[in-house]
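Asker: Just passing along the structure, written as structure tokens.
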Amino acid sequence: MNEPMLFLPLIALFPFAGFLLNGLFGSRLPKAIVSTIALLFPLLSFAVVARAAWMVHGGMLLPVAESGAPTWIAVGGFHVGFQFVLDQLSLVMLLVVTGVGFLIHLYSVGYMEHEQGYWRYFAYLNLFLFFMTVLVLAGNYLLMFVGWEGVGLASYLLIGFYIDRKSAGDAGKKAFVVNRVGDFGFLIGMFLLIANFGTLNFHRIGTQLAGHPAISGATATLICLCLILGATGKSAQIPLYIWLPDAMEGPTPVSALIHAATMVTAGVYMIARTHALFDLSPTAMMVVAVVGTATAFFAATVAMVQTDIKRVLAYSTISQLGYMFLGCGVGAYSAAVFHLMTHAFFKALLFLAAGSVIHGLSGEQDMRRMGGLRKAMPVTFWTMTAAVLAISGFFPFAGFFSKDAILAAAFQHGTLGKALWTVGLITALLTSFYMFRLWYLTFLGESRGAAHQDGHGDGHAAHAHESPWIMLLPLVVLALLSVTGGWIGIERFAGFLEPVTGQAAMVDAGHTELFLSVLAVLVAALGWFLAHLFFGRDGEAAAQAAQSLAPIRRLLQGKYWIDEIYTALIVRPVQWLARFVLGWLGEWTLVRGSAWLMSGVVGLSGELLRRWQSGNLRSYAAWLAAGAAALLLFALAGTLLGLNGFADSIHWAVR
Amino acid sequence: MHLVLFLIFALFALAGAANLLLQKHPINSALSLIVVMSSLAVLYLLLGAEFLAMAQVIVYAGAIMVLFTFVVMLLNEGREEKTWGSHAARVVGFPAVVALLAVLASAILRAGRHYGMVSLSDGITTTQDLSRVLFRDLLLPFELTSVLILIAILGAVALARKDDGNA
Amino acid sequence: MNTPVPADWYLLLSAALFTMGVIGFLSKRSLITVFMSIELMLNAVNLSFVTFAHEWHAVKGQIFVFFVMMVAAAEAAVGLAIIIAIFRVRGTLTVDQIDRMKL
Amino acid sequence: MDGMILSLILVVPLAGMVAILLLPDRGKLPAWIALLDSLLTFVCTLHLPAHFHNQQAGFQFEENLPWLSRPAIHFHVGVDGLSLWLVVLVGLLAPVGVVASWRAVQKNSKVFYAMYLLQQTAMVGVFVSLDLMLYYGFWELSLIPIAVLTAMFGRNLGDGAAGKAALRFFLYTFLASAPLLVALLWLYAHTGSFDYATLQAAVASGTLPGWQLGWVSVAFLIAFAVKVPVLGLHGWLPDLFSEAPVAIAMIAAGKLGLYSLIRFHVELFPALAHRAAPWMIALAAIGILYGAMLALVQKEFWKLLAYATIGSLSFCTLGIYGFTAAGMSGAVLQTVNEGVIGAALFLMFGVLYESARTSRMADFGGLARQTPRLATLFTIAGLALIGLPLLNGFVGEFLVLSGTFVGVSRSWAAIAALGVILSAAYMLGAIQKIFLADGGDQQNGQAGRVARDLTGMETVTVAVLAVLMLAIGVQPTVWTEAMESALQTVTHSMHAQGATPVRMESGTVIASSMGGRQ
């Protein structure tokens, strides 16, 4: 068969080439060349993806697996290759990753202009694209794990990009370690897969699942739970979401690319990719749905009181990822992926717009010191508005379609589904509320920069400036996508993905759906109204509300003290165990003790023997004589016993 | 005749050895050692080892003992002092010596029953016999001893030489 | 008049001389006398070598004695040189005061 | 050429040693000789993989010359897939060690490099010996330079810590290898041969007295376990790492003991090793956690590296005693990995230590700007150590863990996998403390101010190691293929003697081992 040439490896290898060039030589190259390299390779990568998409549009059949993939690990009968597979799901993901990725690269050229380590930043960013495309294109779990860990690494490097800031280093470390907890689950899941299927290849596992319907629910549940642990780590869900808010220490474009649009959706992608297994385990599905819903609600509540603009967006990301989990959990994989895509558009836009604001205010991130930026930064304001409307779920913005699809699917998912839908709807209200709170605080009203900066007189707004075109262009493109991204409609989207994600839980058209949609928009409008009430006018209402709800507010501002609880329950005990139980009891008492005992015994016997070696000639002679006498006596005794000679005596004695 | 000669010179040897032990001054000890060695030379002769007897007189009684007396005189070391340096020498050493003697004697006495007698009429090992073995079968070891002695001479010179102030 | 002597008498004499040599080594306090005791022991052993050579009509016993003499000569030369050197450094030949033969 | 290459590899370092001893100790002369000589050795070792036949079972490049007739000791050397890469590794690390000592060793460099080259010969000898007495000779010989050089060139000579560390190392390893000698002699007394193949056949035939043979195998096990070191016998390691000169510390742990465990315990006494396996697996799995947890709370980098090493060596032990093909090849690969990564980390922190004279990580900080090359390469090596995919550490760990999980015990494998989390925590913590801002009163730590970046020669050396990490990580098959036939022989002979993969629990396993189903 004449296989279409897709050059799949190039999609990953182009950014890697960019990483190598900038990483090895970037420090010595002028900025212009660094930027060219950094932009060119993602663009090439996007071109390859776009070409593939065009071919699919032209009727090419998916999936396409690149033949002749080089072997990676081969031991015994176990074999894993660098196998890239393109199917509908990965195509969608790739378009998002390389497309949004390229836009954010473009934006970064403006945003990072004055930063030290410009080349380093772009090297890392290209490295991230490399790993992310590997993750998406991987044809087996192990290769996916490569991307999985790799994006974690890129994320670590980029979060810690400002190497002079301790908090950045801490945040990077925290992100990596927490992700490692998830990776532990992923690893165990892979081992279970090997144990049960003897392969890690997606396709072969799928075939085996189809061929052996007998694979018990318990096994599938176990595997899925392990994979879920992995997914919660990467996609920042309860219980492992704690790294994402801290990850905002990184440069803002990084937050847009990695911690909003692409990397954090890897968990959702993985679940969709493995849905054949999840379908076998209702328990695991339920766990996914509940975790997702709980996270969505929980993060939304915290987002309401955050004052750092990026942290609001971070919690919002966690919350939206929760929606995607909910979608997966109720079997609406295509809806989840749909939301993943639209979310990538509007959340990237939100972050980039926030970045533009921060850039315009020379690094200010506290919303309490913003306000009134609408005039100073019109493009940023209008694009941001589009994004806010999209995330809140207003018709006809992108977020409306995808969120609606998820909620509808949840609504039809039995009793539990109804409950989840209720929570999801409340979350939508909260989402709308906190997004408009951000919108009001940032762009409307008066500039509050002066109120907190004694002595400087004028606020930020006075000298706030609009960002350069190279930053605004991505904003505009993303704004267009945020508006139109959902128009494709869930039915067509689900139909496209069907070969991969299976028959979607059919959303029955008609009254129910219409009712749900209207309800969702109403809820979003309510959220806007509340936000307007509290923050739109003068903030007095906000202050009053804050007064009356002080305990809850404290709880939310403390982020439920989850970090502190983890520290107290996990980090401290581990350190305590290591330091005292292992360090003192194990190392000092047992290991060192035995070492001391040993050297003590040797030292003592050495001391005794040293006395013997008095240095006195006559004493040596005496011992010599005694030894000679003893040997002779021994030989004589042998003779008396009738043995023949000395050698026989020795033999006799030893026996 | 043999018995008489043996008894006389055995007695000389033992007396000389005893005197070596009893004398306080090294020079007296050295002279008694010469007595022992000379008596041994006669005993060698009795055992039919004529070359060894001569060598004993020349090498031992002559060369080595002269060296000893020279050194004693050179150093002019007086009577030895009474010191009790080593506990072990008395506690371990002397019982060991007794045991040694007892073991050796009993072994010799037990084995000696089978040995023959030594008399004057026994054949003499001539120097010819000796040299035939020495220069034919054992030429290499013999030549090696010459190297050994050469090294010993060099060593002795190096050791006994006065260092020129840089010690 | 030609009364033969049993070979083991020679051996006994050798044993006695050897033992006296050992006693001398243990009891004498002057380094040079100790050295003489060693020579005495060597001679005692030589005597037994010669006796056995006679007993078994083997020339090699005597050859052994010859070699012992060679070695003894070499040893005497080196040993006495060492004694001189020690005396120069320490000013005494008393064995019990020369006990630095350890680390 | 093939017939003499092993002798050549053994002789070249010795020749270098003689040359160093004969030539005067002037300037950098001994160092240059050592460098050139070790590079020459490395080139010689490269001959092995170049002419190695992957498919061919048994030993290659064999040489068998009678040495002593009674006792029958032969100069019998040979290489198979197990030892192949370890010999190359020794060859590779030799020049690395010289580079690492380039600035650190100034005084008495003649003695240092002479001993160092002697150590090279001894290590190669351990890997290639097929006569157990010859092996024992090399084994003991490999211990002496470590102890002596630590005592002579250690970091804290003043307060006697270096001497103590050397003594402790010496006691541990020598006391443990004394029973090994007795056991060897016992084997000789019962078989009349020191030859590896003969002894293997004799043990397999089951004619040797059983309970005594059990003790013999235990003597072997303990001697090697101390050298690895396996958890509980590691008392010498942290001190040696803190005190020994860098070039010595990087070769002291790991490969010799691990290779010996496979060759002379598992392969020689399969049935008995199989009985000891559950204990070893438990020790290894706990060791991984133990090492990682202690590494987490260390304040000094050398100590951290010591405990991290205990952890990563425990991975190897785990793989060896699972008796699975995947685990074994993972273990051998991990042994090589550990050598490469450890050498890189030792060299780099050695550079920092040498200028700052402290190994407390808190004394550094913010070095990333000042020493960018060092920081980058250090991070790469650190990531390789904690098993980032596409770097070498991952492949070894994955093979070991998956082999253990599938073939041996799920719970122990899961416990071992927890180490993955902790290792990330301690390594990133170290990188942060040393290279990133520490947020203290001053921007950089005191010690950081005097730190220098890598010199050209050091950069090249570490870069080579880093490329190797990537190469092994991306193409491990190049390495594992060579081991394949050797490991198949091992596992077949083991299975023939009833030493199937150690099953420690029953599970709902469909495919009983990896590759059980194609």
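Each value in this text was obtained by applying a stated rule to the coordinates, not by laboratory testing. Just so we're clear, the structure is a prediction, and the values are computed from it rather than from any experiment. Counting neighbours? That spans all protein chains shown, and the Cβs are built from the backbone with ideal geometry, glycine included.
Asker: Test of understanding: ordering A:Ser167, C:Ser48 by Cβ neighbours within 10 Å, fewest first, what list do you get? Mind showing how you got there, number by number?
Answerer: Values: A:Ser167 14, C:Ser48 21.
So the residues, fewest neighbours to most, are A:Ser167, C:Ser48.
Asker: If each DSSP helix of 4+ residues adds -39,500 (n - 2.57) and the sum is divided by the residues in chain A, what number results at 222 nm, nearest 500 deg cm²/dmol?
Answerer: Taking each H run of at least 4 residues, the total per residue is -23000 deg cm²/dmol.
Asker: What is the order of D:Tyr259, D:Tyr113, fewest Cβ neighbours within 10 Å to most?
Answerer: On the way: D:Tyr259 24, D:Tyr113 30.
By the 10 Å Cβ count, ascending: D:Tyr259, D:Tyr113.
Asker: Across region D:172-328, how large is the tail of the calculated P(r) beyond 20 Å, expressed as a percent of all Cα pairs?
Answerer: On the way: 6179 of 12246 pairs.
Here the long-distance tail beyond 20 Å is 50 percent of all Cα pairs in region D:172-328.
Asker: Express in whole angstrom the spacing between the alpha-carbon centres of region A:420-436 and region B:96-167.
Answerer: Cα centroid of region A:420-436 versus Cα centroid of region B:96-167: 111 Å apart.
Asker: Sort A:583-596, D:211-224, A:431-444, A:397-410 by packing, meaning the average of other beta carbons within 10 Å per residue, with the highest value first.
Answerer: A:397-410, A:431-444, D:211-224, A:583-596
Asker: Rounded, prolate or oblate: which one fits chain D, using the alpha carbon gyration tensor with axes a ≥ b ≥ c (rounded when a/c is under 1.5, else prolate when a/b beats b/c, else oblate)?
Answerer: Working: a/c = 1.72, a/b = 1.25, b/c = 1.37.
Verdict is oblate for chain D.
Asker: Highest mean first, what order results for B:47-58, A:294-305 on Cβ atoms within 10 Å?
Answerer: For the peptides B:47-58, A:294-305, the packing ranking is A:294-305, B:47-58.
Asker: Next question. Would you please give the FRET efficiency between B:Leu144 and D:Lys299, computed as 1/(1 + (r/R0)^6) with r the Cβ-Cβ distance and R0 = 51 Å, to the nearest 0.05? Walk me through the intermediate numbers first.
Answerer: Details: r = 64 Å, r/R0 = 1.26.
Efficiency computed from Cβ-Cβ geometry: 0.20.
Asker: Moving on. Starting from the Cα of D:Leu208, step 7 Å along the direction of its Cβ; do the same at A:Val602; then give the gap between the two resulting points in nm.
Answerer: 2.8 nm
Asker: Could I have the simple spin-label model distance between A:Phe7 and A:Leu590, label points 7 Å from Cα toward Cβ, reported in nm to one decimal?
Answerer: So the two model labels end up 5.9 nm from each other.
Asker: If you wrap a convex hull around the Cα atoms of the protein assembly as shown, how much volume per residue is inside, in Å³?
Answerer: Working: hull volume 308.8 nm³, N = 1443.
Dividing the Cα hull volume of the protein assembly as shown by its residues yields 214 Å³.
Asker: Taking the number of other C-beta atoms within 10 Å as the exposure measure, put A:Arg553, A:Arg311, D:Arg26 in order starting with the fewest. Walk me through the intermediate numbers first.
Answerer: Working: A:Arg553 15, A:Arg311 20, D:Arg26 9.
Arranged by neighbour count, lowest to highest, A:Arg553, A:Arg311, D:Arg26 become D:Arg26, A:Arg553, A:Arg311.
Asker: Can you pull the mean other chain C-beta count within 10 Å for peptide B:129-142? Intermediate results must be reported in sequence, preceding the final value.
Answerer: Numbers: counts 2, 5, 2, 1, 6, 6, 0, 0, 3, 5, 0, 0, 3, 4.
Partner Cβ neighbours, averaged per residue: 3.
Asker: log₁₀ I(q)/I(0) of region D:270-518 at q = 0.12 Å⁻¹, via Debye over equal Cα point scatterers, no solvent, to two decimals?
Answerer: Per q value, in the given order, log10 I(q)/I(0) is -0.69.
Asker: Which order do the peptides D:481-487, D:367-373 take when ranked by the mean count of other beta-carbon atoms within 10 Å per residue, highest first? Walk me through the numbers on the way to the answer.
Answerer: Numbers: D:481-487: 21.6, D:367-373: 19.9.
Final packing ranking: D:481-487, D:367-373.
Asker: In deg cm²/dmol and to the nearest 500, what is the mean residue ellipticity at 222 nm of chain D if only DSSP H runs of at least 4 residues count, each as -39500 (n - 2.57), divided by the residue total?
Answerer: Counting only the DSSP helices, I get -24000 deg cm²/dmol.
Asker: How crowded by other chains is C:56-66, given as the mean number of beta carbons from other chains within 10 Å of each beta carbon? Show your work: numbers first, answer last.
Answerer: Working: counts 2, 4, 2, 10, 5, 4, 13, 9, 1, 6, 11.
The mean count of partner-chain Cβ atoms within 10 Å per residue comes to 6.
Asker: Work out the FRET efficiency for D:Leu36 and D:Leu141 from their Cβ-Cβ distance, taking R0 = 25 Å, and round it to the nearest 0.05. Please report the intermediate quantities before stating the final value.
Answerer: Details: r = 23 Å, r/R0 = 0.92.
My answer for the efficiency is 0.65.
Asker: Another question, then. Once R0 is set to 35 Å, what does the formula 1/(1 + (r/R0)^6) return for the Cβ-Cβ distance between A:Ile33 and A:Trp487, expressed as a FRET efficiency to the nearest 0.05? Each step should come with its number before you reach the end.
Answerer: Numbers: r = 40 Å, r/R0 = 1.14.
According to the calculation, E is roughly 0.30.
Asker: Run the simple label-point estimate for A:Phe25 and A:Thr307 please: 7 Å along Cα→C-beta, distance reported in nm.
Answerer: 4.9 nm
Asker: To continue, here is another question. Using the crude model of +1 on Lys and Arg Cβ and -1 on Asp and Glu Cβ, and no other charge, please compute the dipole size for chain C relative to its Cα centre, in debye to 20. Walk me through the numbers before you get to the answer.
Answerer: Details: 7 positive and 6 negative charges, 96 e Å.
With only Lys, Arg, Asp and Glu charged at Cβ, the dipole is about 460 debye.
Asker: Over the alpha-carbon set of chain A, divide Rg by the Kirkwood Rh and report the Rg/Rh ratio to two decimals. Provide the component values of the computation, followed by the final result.
Answerer: Working: Rg = 32.6 Å, Rh = 27.5 Å.
Here Rg/Rh amounts to 1.19.
Asker: Explain nothing, just compute: Karplus ³J(HN,Hα) = 6.51 cos²θ - 1.76 cosθ + 1.60, θ = phi - 60°, for every residue of region A:254-265 in order, whole Hz, x for Gly and Pro.
Answerer: Here the 3J(HN,Hα) series is 5, 4, 5, 6, 7, 9, 9, 8, 10, 4, 5, 7 Hz.
Asker: Label point 7 Å out from D:Arg26 along Cα-to-Cβ: which residues of region D:97-125 have amide N under 15 Å?
Answerer: D:110
Asker: Compactness ratio of chain B: Cα Rg over 2.2 N^0.38 Å, N = residue count? Walk me through the numbers on the way to the answer.
Answerer: Working: Rg = 20.5 Å, N = 167, 2.2 N^0.38 = 15.4 Å.
For chain B, the normalised Cα radius of gyration comes out at 1.34.
Asker: Could you pull out the longest piece of chain B with no exposed loop trypsin sites (Lys or Arg not before Pro) in it, calling a site exposed if DSSP puts it outside H, G, I, E, B and it has at most 16 other Cβ atoms within 10 Å?
Answerer: Numbers: sites that count: B:Lys24, B:Arg79, B:Lys82, B:Arg113, B:Arg161, B:Lys162.
The reported range is B:25-78.
Asker: Place a point 7 Å from Cα of D:Leu65 in the direction of its Cβ. Which residues in region D:5-37 have their backbone N less than 19 Å from it?
Answerer: Flagged as within label range: D:5-18.
Asker: Let me ask something else about it. For region D:85-224, what mean projected area does the convex hull of the alpha carbons give, in nm²?
Answerer: 9.4 nm²
Asker: Sticking with this one: Take peptide D:418-430, look around each residue's Cβ out to 10 angstrom, count Cβ atoms belonging to other protein chains, and average those counts.
Answerer: On the way: counts 3, 1, 6, 9, 4, 2, 12, 10, 2, 3, 11, 4, 0.
If you average over the peptide's residues, the count of other-chain Cβ atoms is 5.
Asker: Sticking with this one: Using just the C-alpha positions of region A:552-638 as equal point scatterers, what log10 of I(q)/I(0) does the Debye formula give at each q in 0.20 1/Å?
Answerer: -0.97
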